[in-house]
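The values are calculated or read from the model by the stated rules, or taken from the named source; none is laboratory data. Please read these numbers as outputs of a predicted model, since none were measured by experiment. Ideal geometry is used to build each Cβ from the backbone, glycine not excepted, and the neighbour counts take in all protein chains shown. Just the protein is used for accessible areas: all its heavy atoms, side chains included, with ligands, DNA and RNA removed. Shrake-Rupley method; radii C 1.70, N 1.55, O 1.52, S 1.80 Å.
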Amino acid sequence: MAEIIQERLEDRLPELEQLERTGLFSRVEIRAIIRKASHLEYRIQRRALFKDDFISYVQYEINLLELIQKRRARIGYSFKRDEIENSIIHRVQSVFRRGSAKWKDDVQLWLTYVAFCKKWGTKTQLSKIFSAMLAIHSNKPALWIMAAKWEMEDRLSSESARQLFLRALRFHPECPKLYQEYFRMELMHVEKLRKEKQEFEKANMDVENLDYPEEILQGKLARIVYKNSVSIIKGAEFHLSLLSIAQLFEFAKDLQKEIYDDLQALHTDDPLTWDYVARRELEIESQPGEEPPMTKLAKSVELGRREERCYAVYEEAVETLPTEAMWKCYMNFCSERFAKKTTNGFLRGKRLQRTMTVFRRAHELKLLPELQYKQWIELLSHRKYFMDALEVAVAGTELFRDSVTMWQQKLQMLIASESPDIAVHFEEAFVHLNPQVCLPLWISWAEWSESTGSQEDTEAVFKKALLAVTGADSVTLKDRYLDWAYRSGGYKKARAVFKSLQESRPFSVDFFRKMIQFEKEQESCKMANIREYYERALREFGSVDSDLWMDYIREELNHIFGRPENCGQIYWRAMKMLQGASAEVFVAKYAMHQTGHL
């Protein structure tokens, strides 16, 4: 092995000599490069090979290449690239080949190899690299697409890209993404041919002898791809994706019309089809051939006409296809149009009226999804129609009794409308809901109680909540309970709450930090209490939170009643309890603190 390493180091000598001779690197730096190279060569030549060693080798060489580039730019030297950079690039490629042969299944390694070749100007190798990669990873459509795009966009080889897509479809005959990208590629190919032909015609060159068949220029190959794909992959969503791709190409008007007509013929029972047809009316002029409106009023009138045509299509859709999904499309469109800003009050009023009507009709048919109930309630509440919003929220909770969102909306409307017996409605919600999803409701109840009720009532709410909510959700409740106690009863009340909860795990670090801060805000701040809070916090988080240990040390150093002599003991306790990276972070912070303190 030593002979191999020595041979590889000797292979580097010409480039190293050139680096020194050209002044890009000093003799000391060259020696450092040789030492590092020797170490890296040993690691990739030993019997037991590790992928990380190969990655480290490649990364070092790439860093060296980048450094050489910066040095060249600095001194303005651009010669001897073949003897220096190309030698390094070939060596890195050799390492990549070994690595990809050893760890064939590592896609990331292959992609790194590809990225290196793209960046460092060795694109001639990429076709072979893609072929080798696809021979192993033929089950990954994304890699086929990447290779085909490379052939099409970088090598400008439409035929090679087409062959790759055809091979990919043999492995993945039902992959929508492959068909979409193949369809796009064929359209791009036609666009390129048409531009070439136009340039030749501008130059008054004879194009009759050139290979520009009219059927190809009209997109016949793209049409074949479209027809084959929709015969295999069903559904309006895929059909619409092909239509959106075709719309990117101005010359493909006939193909766009064919795809659109097929969409309406094949997928009349799909809400996405109706949704697309309706939204398309927004783009069509009311009076074709007329000049576009110029004034704001005329534009608003024209926009109103287009929206009415959209509504008409949606009305036909919900008659033909009266499903929840279809109504949802209709409501989403109405909500989107209402959210659009306009200075025309009449148009905005019409949008609001339409939106409210559509929500109401879907509700009466019991085809209103939960999310749309929420949207409807928010729309009403923003317009200050609290009683109407409450009515909708009550209906929503009747349909979705196990939805915490619907109950939250109902309770918010009850509070906004100043309804009596709010507590009774909260209790009713908890009867129907899983206790583990009720945290938002308990918080809302506590906030409402604090703003309207007595301290005793609010505390009773917190105590009930802590009995009902367990696990990680209870952490938030404990923090809020402690905050409320300090706001309402001062430090004495907060300490009493802390004492009552100090054994009720789990906690957050903030739970203890809050008490430390409350203590420090008192005129008669007691260091003994601060130590107690830190000790209890460290009992829970001492193995992971290095900041907690550092704050404890600072407190002993800076507090008027602190004991600096305790810092050494706290340090050693921290070193025993902290684990892994937390211990390293603590040591670094402690060293910085000591330096600053000195």
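Could you tell me which numbered condition Lys123 fails, if it satisfies all but one of (1) open to solvent by less than 60 Å² (accessible area, probe 1.4 Å); (2) under 29 Å from Ile62 (Cβ atoms)?
Unmet for Lys123, out of (1) open to solvent by less than 60 Å² (accessible area, probe 1.4 Å); (2) under 29 Å from Ile62 (Cβ atoms): (1).
I need the full set of residues from region 263-286 which are touching a Leu at 6+ places or on another chain (Cβ under 9 Å), of a type in the set (Asp, Glu) and either at pLDDT 95 or above or crowded, with 17+ Cβ neighbours inside 10 Å (or both), in order please.
Within region 263-286, just Asp270 meets the criteria.
Please enumerate the residues belonging to region 443-465 that are of a type in the set (S, T, N, Q) and within 38 Å of the chain's Cα centre (by Cα). Spell out the reasoning first.
Going through region 443-465, the residues of a type in the set (S, T, N, Q) turn out to be 444, 449, 451-452, 454-455, 458.
Answer for region 443-465, where residues must be of a type in the set (S, T, N, Q) and within 38 Å of the chain's Cα centre (by Cα): just Ser444.
Just to verify a result, which residue in region 548-563, among those that are in a helix (DSSP H, G or I) and open to solvent by 70 Å² or more (accessible area, probe 1.4 Å), is nearest to Ser524 (Cα to Cα)?
Among them, the one singled out is Asn558.
Taking region 130-142 on its own, how many of its residues are of a type in the set (Gly, Ala, Ser), under 31 Å from the mean Cα position of the chain (by Cα) and exposed (fewer than 15 other Cβ atoms within 10 Å of the Cβ)? Walk me through it before giving the result.
Step one: filter region 130-142 for residues of a type in the set (Gly, Ala, Ser), giving 131-132, 135, 138, 142.
When the remaining residues are screened for being under 31 Å from the mean Cα position of the chain (by Cα), the result is 138, 142.
Filter once more, keeping what is exposed (fewer than 15 other Cβ atoms within 10 Å of the Cβ): 142.
Counting residues in region 130-142 that are of a type in the set (Gly, Ala, Ser), under 31 Å from the mean Cα position of the chain (by Cα) and exposed (fewer than 15 other Cβ atoms within 10 Å of the Cβ) gives 1.
Is there any pair linking a residue in region 401-412 that is small (Gly, Ala, Ser) to one that is at pLDDT 90 or above, with Cβ under 8 Å and at least six apart or on different chains, and which?
Ser403/Glu370; Ser403/Gly396; Ser403/Thr397
Filter region 53-84 down to residues that are in contact (Cβ under 8 Å) with a residue 40 or more places away in the chain, more than 19 Å from Lys118 (Cα to Cα) and in contact with a helix residue (DSSP H, G or I) (Cβ under 6 Å, 6 or more places away or on another chain), then give me how many there are.
3
Need pairs with beta-carbon distance below 6 Å; first residue part of a helix (DSSP H, G or I) and within region 180-203, second polar (S, T, N, Q); sequence gap 6+ or separate chains.
Gln180/Ser241; His189/Ser158
Do you know which residues across region 30-52 are touching a Leu at 6+ places or on another chain (Cβ under 9 Å) and either touching a residue at least 60 places away in the same chain (Cβ under 8 Å) or farther than 21 Å from Glu7 by Cα (or both)?
Across region 30-52, the qualifying residue is only Lys51.
Out of Ala583, Ala496, Ala537, Ala528, which single residue is among the small types (Gly, Ala, Ser), in a helix (DSSP H, G or I), more than 30 Å from Asp457 (Cβ to Cβ) and over 42 Å from the mean Cα position of the chain (by Cα)?
Values: Ala583 fails: over 42 Å from the mean Cα position of the chain (by Cα); Ala496 fails: more than 30 Å from Asp457 (Cβ to Cβ); Ala537 fails: over 42 Å from the mean Cα position of the chain (by Cα).
Matching residue, one of Ala583, Ala496, Ala537, Ala528: Ala528.
Considering (1) surrounded by fewer than 18 Cβ atoms within 10 Å (Cβ to Cβ); (2) over 30 Å from the mean Cα position of the chain (by Cα); (3) at pLDDT 90 or above, say which one Pro440 fails and leave the rest.
(2)
Out of the residues in region 143-164 meeting the condition of being within 23 Å of Val58 (Cβ to Cβ) and modelled with pLDDT of 90 or more, tell me which one is most open to solvent (accessible area, probe 1.4 Å). It would help to see each step written out before you state the result.
The first filter runs over region 143-164 and keeps only residues within 23 Å of Val58 (Cβ to Cβ), leaving 143, 146-147, 150, 154.
The next check asks that each one be modelled with pLDDT of 90 or more; those that pass are 143, 146-147, 150.
Details: Leu143: 9, Met146: 62, Ala147: 1, Trp150: 8 Å².
Here the answer is Met146.
Would you confirm, using the coordinates I've provided, whether Glu521 is modelled with pLDDT under 90 and open to solvent by 70 Å² or more (accessible area, probe 1.4 Å)?
So Glu521 fails the test.
Is it the case, given these coordinates, that Tyr491 is in a helix (DSSP H, G or I), over 26 Å from Glu450 (Cα atoms), open to solvent by 20 Å² or more (accessible area, probe 1.4 Å) and in contact (Cβ under 8 Å) with a residue 24 or more places away in the chain? Even if it seems obvious, please write down each step before you answer.
Working: in a helix (DSSP H, G or I): yes; over 26 Å from Glu450 (Cα atoms): no; open to solvent by 20 Å² or more (accessible area, probe 1.4 Å): yes; in contact (Cβ under 8 Å) with a residue 24 or more places away in the chain: yes.
It is false that Tyr491 is in a helix (DSSP H, G or I), over 26 Å from Glu450 (Cα atoms), open to solvent by 20 Å² or more (accessible area, probe 1.4 Å) and in contact (Cβ under 8 Å) with a residue 24 or more places away in the chain.
Restricting attention to region 81-95, does a residue exist that is at pLDDT 90 or above and either charged (D, E, K, R) or within 31 Å of the chain's Cα centre (by Cα) (or both)?
Yes, region 81-95 contains a residue that is at pLDDT 90 or above and either charged (D, E, K, R) or within 31 Å of the chain's Cα centre (by Cα) (or both).
Out of all the residues in region 2-10, is one or more open to solvent by less than 50 Å² (accessible area, probe 1.4 Å) and touching a residue at least 12 places away in the same chain (Cβ under 8 Å)? Talk me through it step by step, then tell me what you get.
Step one: list which residues in region 2-10 are open to solvent by less than 50 Å² (accessible area, probe 1.4 Å), which gives 5, 9.
With touching a residue at least 12 places away in the same chain (Cβ under 8 Å) added as a condition, the list becomes 5, 9.
Looking through region 2-10, at least one residue is open to solvent by less than 50 Å² (accessible area, probe 1.4 Å) and touching a residue at least 12 places away in the same chain (Cβ under 8 Å).
Considering only residues that are of a type in the set (A, V, I, L, M, F, W, C) and under 15 Å from Asp545 (Cβ atoms), look in region 494-516 and name the one that is surrounded by the fewest Cβ atoms within 10 Å (Cβ to Cβ). Give the steps one after another, and end with the answer.
To start, the set of residues in region 494-516 that are of a type in the set (A, V, I, L, M, F, W, C) comprises 494, 496-498, 501, 507, 509, 511-512, 515-516.
Then keep just the ones that are under 15 Å from Asp545 (Cβ atoms); that gives 507, 509, 511-512, 516.
Values: Phe507: 20, Val509: 14, Phe511: 22, Phe512: 24, Ile516: 19.
Here the answer is Val509.
Being hydrophobic (A, V, I, L, M, F, W, C) and open to solvent by less than 20 Å² (accessible area, probe 1.4 Å) is the filter here, so list the residues in region 294-312 that pass it. Before you say what the answer is, go through the steps one by one.
We begin by selecting, within region 294-312, every residue hydrophobic (A, V, I, L, M, F, W, C); these are 294, 297-298, 301, 303, 310, 312.
Across region 294-312, the qualifying residue is only Cys310.
Among the residues in region 49-72, are any in a helix (DSSP H, G or I), more than 41 Å from the chain's Cα centre (by Cα) and farther than 20 Å from Met133 by Cβ?
Our first condition is that a residue be in a helix (DSSP H, G or I); within region 49-72, this holds for 51-72.
Remaining after also requiring more than 41 Å from the chain's Cα centre (by Cα): none.
No: region 49-72 contains no residue that is in a helix (DSSP H, G or I), more than 41 Å from the chain's Cα centre (by Cα) and farther than 20 Å from Met133 by Cβ.
Any residue in region 73-85 that is in contact with a Pro (Cβ under 8 Å, 6 or more places away or on another chain) and open to solvent by 40 Å² or more (accessible area, probe 1.4 Å)? Break it down into steps so the answer makes sense when it comes.
Quick first cut of region 73-85, residues in contact with a Pro (Cβ under 8 Å, 6 or more places away or on another chain) only: 83.
Filter again for open to solvent by 40 Å² or more (accessible area, probe 1.4 Å), leaving 83.
Yes, there is a match, as at least one residue in region 73-85 is in contact with a Pro (Cβ under 8 Å, 6 or more places away or on another chain) and open to solvent by 40 Å² or more (accessible area, probe 1.4 Å).
Within region 167-182, how many residues are surrounded by 19 or more Cβ atoms within 10 Å (Cβ to Cβ), closer than 18 Å to Glu153 by Cβ and under 28 Å from the mean Cα position of the chain (by Cα)?
Within region 167-182, residues that are surrounded by 19 or more Cβ atoms within 10 Å (Cβ to Cβ), closer than 18 Å to Glu153 by Cβ and under 28 Å from the mean Cα position of the chain (by Cα) number 4.
What number of residues within region 396-437 are in contact with a Leu (Cβ under 7 Å, 6 or more places away or on another chain), surrounded by fewer than 14 Cβ atoms within 10 Å (Cβ to Cβ) and within 20 Å of Ala468 (Cβ to Cβ)?
1
What are the residues in region 326-346 that are within 18 Å of Val277 (Cα to Cα) and within 26 Å of the chain's Cα centre (by Cα), if any? Even if it seems obvious, please write down each step before you answer.
Just the residues of region 326-346 that are within 18 Å of Val277 (Cα to Cα), to begin with: 326-337.
The answer is Lys328, Cys329, Asn332, Phe333, Ser335, Glu336.
Tell me which helices (runs of 4 or more DSSP H) are completely within region 383-483 and hold 2 or more residues being among the small types (Gly, Ala, Ser), or say none if there are none.
On the way: elements: 386-399, 404-416, 422-432, 439-452, 455-468.
Correct list: 386-399, 422-432, 439-452, 455-468.
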